[in-house]
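Asker: Please read through the structure below; I'll follow up with questions.
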Amino acid sequence: MSNAANVPDTAPRTDAPDLVRDELGPRFAERAAAHDRDGAFVDANWADLREHELFWMAIPRELGGGGAPYAAVCDTIRALGRACGSTALAYSMHTHPVATNVFKHRRGDAGATRALEKIAGKRLVIAGTGANDWLSSSGEAVPVDGGWRVNAHKRFVSGAPGAQLFVTSAGADAAEGRQVLHFAVPFATEGVRIVETWDALGMRGTGSHDVMLEDVFVPEEAVVVRRPAGVWHPMWDVVLPTALPLITAAYVGIAETAAELGRTAARKSGAAAASQVGAMDNALVTARLALDDMVRRNDDHGFAPSQEGTQAILARKAIATTAVEQTVALAADLAGGKGFFRGHPLERMVRDVRAMHFHPLPVHSQETFCGRGALGLDPVEAD
């Protein structure tokens, strides 16, 4: 589909943020409480996103996607977060591996180009692991003829019930030492199964279940990265500056709606609530500034990967995390006792934004990571 009437299909798609705000968002907001109450995956929202081809908006036009600029993708996720945090977060988990491949495609990576063509051509949705595996991946890959035999238990696979392609990694022994292999397998592959374990405090509609890989054959050509286990690798200097603004956008969107609800509640108290409203708005401005600068630094996939750039993104993510949590907590205080009851949107948002801490890196880990970098040390100690 094109952006809008009379807009050629060759133009970059920029309509998605308005589409979410004006049409899809109100629909998703109405469904959010039920998904939270039942812990059920946001499948109806997924169907709407698929119908409007938002899963492929970031893929270049010439490869079959919408060609949306990186900032427009972030704005779309932010708009989703204003309506339903679970939908925004699960969608960002599909979007960031797509965006990473866009970055690589622009630099002539033929494998990334083929991957994007396949995702767009077959209209695939991705779920994967990343931060949960971090530097030393769980699972075991054993070499066999033509590829690898993989056994692994993967956790926190957001969007798994609505995905067709699983992007993950596993450890493997090699002559040069322990390695990590990154690869993609279809969920329909024999030996891949979803175990419905997701029953969490917040983000309950993300369907972040466990995925088991049991004697799964992964062909050699499916392995896109090999790296030493337990040590920093330059691939993270591409992945984190690409992924974290998209993920952060989901939470800033939640904070924006929380602040609106807080202001509405505060009007009943008048001047007595002014100081608390001011503090809440300051926190929201901080979160927005941090996100805006993350997007600016990405430069529509134009950034040059470096440890310094990764440290800058991680610092801004940590700042945004604290500011988002402060915004939502202050909004809940302004709502008073009614915001303490299950079913109130602010009660859900307080729980949802707790998940932001777990994306790389938690604040205490970020401080150590960036502090080591400032001292000229390797960013992480080898496992």
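Asker: Show the residue pairs that are 6+ apart or on different chains and have beta-carbon atoms under 7 Å apart, the first residue being within region 67-84 and at pLDDT 95 or above, the second being open to solvent by 10 Å² or more (accessible area, probe 1.4 Å) and of a type in the set (Gly, Ala, Ser).
Answerer: Correct list of pairs: ALA68/ALA58; VAL73/ALA58; ALA83/ALA29; CYS84/ALA29.
Asker: A follow-up question, please. Only one of (1) surrounded by 15 or more Cβ atoms within 10 Å (Cβ to Cβ); (2) under 24 Å from the mean Cα position of the chain (by Cα); (3) in a helix (DSSP H, G or I) is not met by GLY373, so which one is it?
Answerer: (2)
Asker: ALA110 is checked against (1) touching a His at 6+ places or on another chain (Cβ under 8 Å); (2) at pLDDT 95 or above; (3) among the small types (Gly, Ala, Ser) and fails just one. What number does that condition carry?
Answerer: So ALA110 meets the others, but not (1).
Asker: Look at region 319-334 and say how many of its residues are farther than 17 Å from VAL350 by Cβ and open to solvent by less than 10 Å² (accessible area, probe 1.4 Å).
Answerer: First pass over region 319-334, keeping only residues farther than 17 Å from VAL350 by Cβ: 319.
Those left that are additionally open to solvent by less than 10 Å² (accessible area, probe 1.4 Å): none.
Total meeting the criteria: 0.
Asker: Hey, any hits in region 140-148 for a residue that's open to solvent by less than 20 Å² (accessible area, probe 1.4 Å) and not in a strand (DSSP E or B)? Walk me through it before giving the result.
Answerer: Step one: of region 140-148, the residues open to solvent by less than 20 Å² (accessible area, probe 1.4 Å) are 141, 147.
Then keep just the ones that are not in a strand (DSSP E or B); that gives none.
No.
Asker: Of the residues ASP378, ASP383, which single one is in a loop (DSSP other than H, G, I, E, B), at pLDDT below 95 and under 30 Å from HIS105 (Cα atoms)? It would help to see each step written out before you state the result.
Answerer: Values: ASP383 fails: under 30 Å from HIS105 (Cα atoms).
Just a single option satisfies the conditions, and that option is ASP378.
Asker: Considering only residues that are over 20 Å from the mean Cα position of the chain (by Cα) and open to solvent by less than 40 Å² (accessible area, probe 1.4 Å), look in region 1-18 and name the one that is modelled with the lowest pLDDT.
Answerer: The residue in question is SER2.
Asker: Provide a single number: the residues in region 28-72 that are within 24 Å of LEU124 (Cβ to Cβ), over 21 Å from the mean Cα position of the chain (by Cα) and open to solvent by 50 Å² or more (accessible area, probe 1.4 Å).
Answerer: Here the count works out to 2.
Asker: Would you check if ALA79 is among the aliphatic types (A, V, I, L, M), in a helix (DSSP H, G or I), open to solvent by less than 10 Å² (accessible area, probe 1.4 Å) and in contact with a helix residue (DSSP H, G or I) (Cβ under 8 Å, 6 or more places away or on another chain)?
Answerer: Numbers: among the aliphatic types (A, V, I, L, M): yes; in a helix (DSSP H, G or I): yes; open to solvent by less than 10 Å² (accessible area, probe 1.4 Å): yes; in contact with a helix residue (DSSP H, G or I) (Cβ under 8 Å, 6 or more places away or on another chain): yes.
Against the criterion (among the aliphatic types (A, V, I, L, M), in a helix (DSSP H, G or I), open to solvent by less than 10 Å² (accessible area, probe 1.4 Å) and in contact with a helix residue (DSSP H, G or I) (Cβ under 8 Å, 6 or more places away or on another chain)), ALA79 qualifies.
Asker: OK, next. For ASP215, only one of the following conditions fails: (1) open to solvent by less than 30 Å² (accessible area, probe 1.4 Å); (2) more than 22 Å from VAL42 (Cβ to Cβ). What is its number?
Answerer: (1)
Asker: Can you pull out every residue in region 103-133 that is assigned to a helix (DSSP H, G or I) and touching a helix residue (DSSP H, G or I) at 6+ places or on another chain (Cβ under 7 Å)? Before the answer, list the steps.
Answerer: So in region 103-133, the residues assigned to a helix (DSSP H, G or I) come out as 103-105, 110-121.
Selection gives PHE103, LYS104, HIS105, ALA112, THR113, ALA115, LEU116, GLU117, ILE119, ALA120.
Asker: If you don't mind, another one. If we scan region 175-193, do we find a residue that is in contact with a Ser or Thr (Cβ under 8 Å, 6 or more places away or on another chain), in a loop (DSSP other than H, G, I, E, B) and under 30 Å from ARG31 (Cα atoms)?
Answerer: No; the residues of region 175-193 include none that is in contact with a Ser or Thr (Cβ under 8 Å, 6 or more places away or on another chain), in a loop (DSSP other than H, G, I, E, B) and under 30 Å from ARG31 (Cα atoms).
Asker: Shifting gears a bit: In region 198-212, which residues are crowded, with 18+ Cβ neighbours inside 10 Å and assigned to a strand (DSSP E or B)? Walk me through it before giving the result.
Answerer: Within region 198-212, the first condition is being crowded, with 18+ Cβ neighbours inside 10 Å, and the residues that meet it are 198, 202-209, 211.
Within region 198-212, HIS209, VAL211 qualify.
Asker: I'm checking my understanding of the structure. Among residues of region 162-217 that are β-branched (Val, Ile, Thr) and within 20 Å of the chain's Cα centre (by Cα), which one is farthest from MET356 (Cα to Cα)? Break it down stepwise before answering.
Answerer: Quick first cut of region 162-217, residues β-branched (Val, Ile, Thr) only: 167-168, 180, 185, 189, 192, 194-195, 197, 206, 211, 216.
Filter once more, so that each one left must be within 20 Å of the chain's Cα centre (by Cα): 167-168, 185, 194, 197, 206, 211.
Numbers: VAL167: 21, THR168: 21, VAL185: 27, ILE194: 24, THR197: 20, THR206: 13, VAL211: 22 Å.
Here the answer is VAL185.
Asker: I'd like the full set of residues that are in contact with a strand residue (DSSP E or B) (Cβ under 8 Å, 6 or more places away or on another chain), part of a helix (DSSP H, G or I) and not acidic (Asp, Glu), limited to region 220-270.
Answerer: ALA222
Asker: Select, from THR257, THR264, THR242, the only residue that is surrounded by 24 or more Cβ atoms within 10 Å (Cβ to Cβ), of a type outside the set (A, V, I, L, M, F, W, C) and modelled with pLDDT of 95 or more.
Answerer: Values: THR257 fails: surrounded by 24 or more Cβ atoms within 10 Å (Cβ to Cβ); THR264 fails: surrounded by 24 or more Cβ atoms within 10 Å (Cβ to Cβ).
That would be THR242, the only listed residue that is surrounded by 24 or more Cβ atoms within 10 Å (Cβ to Cβ), of a type outside the set (A, V, I, L, M, F, W, C) and modelled with pLDDT of 95 or more.
Asker: Here is a check on your reading of the model: is ASP300 assigned to a helix (DSSP H, G or I) and among the charged types (D, E, K, R)? Can you show your working first?
Answerer: Details: assigned to a helix (DSSP H, G or I): no; among the charged types (D, E, K, R): yes.
It is false that ASP300 is assigned to a helix (DSSP H, G or I) and among the charged types (D, E, K, R).
Asker: Any idea how many residues of region 86-115 are open to solvent by 10 Å² or more (accessible area, probe 1.4 Å), within 30 Å of ALA355 (Cα to Cα) and of a type in the set (Val, Ile, Thr)?
Answerer: 1
The values are calculated or read from the model by the stated rules, or taken from the named source; none is laboratory data. From a predicted model like this one, the values you see are computed outputs, not experimental measurements. Don't worry about glycine lacking a Cβ; one is built from the backbone with ideal geometry, like all the others, and counts go over all protein chains shown. Protein only, heavy atoms only, side chains kept; ligands, DNA and RNA dropped before computing areas. Shrake-Rupley method; radii C 1.70, N 1.55, O 1.52, S 1.80 Å.
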